[in-house]
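The values are calculated or read from the model by the stated rules, or taken from the named source; none is laboratory data. In this text, all values refer to a predicted model and were calculated from it rather than measured experimentally. All Cβ positions, even for glycine, are placed from backbone atoms using ideal geometry, and neighbour counts span all protein chains on display.
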Amino acid sequence: MDKKELRVELPDKQRIDTYMRDQTALSRGQIQKLVETARVFLNKKPVKAYSQMVRQGDLIEYIEEFPEEKLPEHNDIPLDIIYEDEDILVINKQAGLVVHPAPGHKDGTLVNAIMDTHIDPDDFEGDEKRFGVVHRLDKDTSGVMVIAKHDRASDALVRMFKARELEKNYKAIVHGSIENEGRIDTFISRDTHDRKKFTAKLMHGKEAQTLFYPEENFYDSTLLRVKILTGRTHQIRVHMQHIKHNIAGDPVYGDRKKDIAMTEYMGYDAKSVEDLLPRQMLHAYNLKFTHPITDKKLDFTAPLPDDFMRALKILRKKSGV
């Protein structure tokens with residue numbers, strides 16, 4: 001297939017995938033797949049990263065050819081199923097489970113677990129196949145997730161998420177004492193120093209709103225109920241860091257010194273921090289929404305997992321709660 005050409009015309013630098021999306025009929029996901037399969041060239045050289053910056057006068061060449069994708073294979077991964085019918089599946093996702101296959105995680109994901117058992121790939125169409133995954137939880141965040149079992153349910157749930165018609169409640173153990181409920185309103189965007197992280201900003205990015213309600217206070221830590229009004233990537237973790245009440249055990253947005261101090265307060269030495277706080281203490285415990293097909297009101301709760309409960313019990317005992 002012949003190469004297509006784009007001559008860059010813009011006053012400022014821009015990511016190549018963003019520029020190509022705006023100048024062609026390709027989606028950003030399609031462009032990224034072309035980059036990953038060495039089908040995009042910048043000034044005659046293959047583009048190795050879709051975050052590559054382009055500037056005025058650069059020549060972009062690309063081959064609009066998509067290799068046939070291999071469907072994710074079924075993996076025998078146990079799932080804690082809360083509810084299932086012919087339209088949706090509701091699970092209590094365990095910590096450590098990646099939701100969707102991606103570079104570095106082709107297997108062992110939630111999609112691999114439901115493939116050919118709870119969902120039929122033939123019930124989904126389109127280039128950007130979600131296979132029923134209409135929202136995500138971070139790898140090490142546990143809790144309630146809803147999965148669509150066919151396109152009609154998927155489309156309806158996606159619309160509901162965009163319209164913010166679902167109520168999402170979390171539990172979190174955070175550092176520091178929080179006495180009063182509050183609200184966090186910021187924008188969230190990628191961290192300019194680390195593209196794998198996000199940061200809260202007051203002026204630029206995507207709007208993000210979080211409500212929090214203290215439920216129990218311990219020595220220099222708090223059990224919060226958190227309700228998110230928007231669904232930004234890493235939103236709760238970023239917002240808790242923003243107000244300096246980092247989530248305990250968070251390896252990315254947390255505070256290692258505070259994690260060690262909490263571990264020592266619990267009566268253990270610093271070496272036990274990985275055992276007592278093996279991940280961010282964040283759990284999606286409740287999800288309320290309208291069934292995408294029957295319009296029935298649904299309300300699902302997932303109990304706190306063992307690692308979360310263990311930390312909570314020790315904190316309660318040491319604090320005399």
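Tell me whether region 181-194 contains one or more residues that are of a type in the set (Ser, Thr, Tyr), more than 22 Å from Asp85 (Cα to Cα) and either at pLDDT below 95 or not in a strand (DSSP E or B) (or both). There is at least one residue in region 181-194 that is of a type in the set (Ser, Thr, Tyr), more than 22 Å from Asp85 (Cα to Cα) and either at pLDDT below 95 or not in a strand (DSSP E or B) (or both). Residues in region 188-245 that are at positive phi and buried (at least 16 other Cβ atoms within 10 Å of the Cβ): Gly205, His234.
Matching residues to (1) more than 25 Å from the chain's Cα centre (by Cα); (2) of a type outside the set (D, E, K, R):
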position: Lys227; (1), (2): no, no
position: Gly231; (1), (2): no, yes
position: Arg237; (1), (2): no, no
position: Asp250; (1), (2): no, no
position: Lys257; (1), (2): yes, no
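Exactly one residue among Arg225, Arg279, Arg232 is within 19 Å of Glu181 (Cα to Cα), charged (D, E, K, R) and not assigned by TED's automatic domain parsing to the domain that holds Arg159, and that residue is Arg225.
So which residues in region 1-32 are of a type in the set (Val, Ile, Thr), part of a helix (DSSP H, G or I) and in contact (Cβ under 8 Å) with a residue 12 or more places away in the chain, if there are any at all?
Ile16, Ile31
Among the residues of region 133-148, is there at least one that is crowded, with 19+ Cβ neighbours inside 10 Å, farther than 30 Å from Thr290 by Cα and touching a residue at least 40 places away in the same chain (Cβ under 8 Å)? No, there is no match, as no residue in region 133-148 is crowded, with 19+ Cβ neighbours inside 10 Å, farther than 30 Å from Thr290 by Cα and touching a residue at least 40 places away in the same chain (Cβ under 8 Å). Of all residues in region 294-321, those satisfying the criterion of being hydrophobic (A, V, I, L, M, F, W, C) and surrounded by fewer than 16 Cβ atoms within 10 Å (Cβ to Cβ) are Met309, Val321. Within region 249-271, one or more residues are crowded, with 18+ Cβ neighbours inside 10 Å, in contact with a Ser or Thr (Cβ under 8 Å, 6 or more places away or on another chain) and of a type in the set (Ser, Thr, Tyr).
May I ask you to verify whether Glu179 is surrounded by fewer than 16 Cβ atoms within 10 Å (Cβ to Cβ), closer than 22 Å to Leu304 by Cα and either charged (D, E, K, R) or without any contact (Cβ under 8 Å) to a residue 12 or more places away in the chain (or both)? Judged against the criteria, Glu179 is not a match.
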